Amino acid sequence: MFYFMAPFFVFLETLVDVFFRLPYQIVLSLLDTFYPIYVFCGVACIAGGIIGVTARIISNVLVSLLEVRPSVKTEVAYRLRKLDKGKAKA
């Protein structure tokens with residue numbers, strides 16, 4: 001019935017192949033090729049973030065445990081000496 005339009009349909013199919021199917025296949029091929037690198041970099045970033053946050057938490061805990069906290073009396077005496085030194089220089 002539409003045999004007389006066959007050249008038009010073949011031309012349309014060729015255009016679709018060149019402008020849609022071929023670029024799509026190329027993109028899929030590139031994505032398949034680089035997928036392992038993408039996954040490796042993603043896992044490396046996630047692992048680095050987890051290790052960094054864990055190290056920060058551990059270091060904050062260790063610093064707070066090892067920090068020497070002076071008594072109130074010592075702190076007041078320290079501040080008074082600091083004020084006296086400031087007045088002597090001025």
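With each label point set 7 Å from Cα along the Cα-Cβ vector, what nm distance links residue 66 and residue 54?
Output for this residue pair reads 2.0 nm.
In nm, to one decimal, how far is the residue 74 label point from the residue 16 one, both placed 7 Å along Cα→Cβ?
It works out to 8.4 nm between the two label points.
Round to the nearest 10 and give me the degree value, 0 to 90, for the angle of helix 22-66's Cα axis relative to the longest principal axis of the chain.
The angle comes out at about 10 degrees.
To test your reading of the geometry: what angle, between 0 and 90 degrees and rounded to tens, separates the Cα axis of helix 6-16 from the longest principal axis of the chain?
The angle comes out near 10 degrees.
Report the gain in length on full extension from residue 40 to residue 85: 0.36 nm times residue separation, minus Cα-Cα distance, nm rounded to one decimal. Could you put the intermediate results ahead of the total?
Values: separation 45, 0.36 × 45 = 16.20 nm, distance 5.88 nm.
Difference between extended and current length: 10.3 nm.
Only the coordinates and a few stated rules stand behind these numbers; no lab work does. Everything numeric here is computed off the predicted structure, so don't read it as measured data. Please note: Cβ atoms are built from the backbone with ideal geometry, for glycine as well, and neighbour counts cover all protein chains shown.
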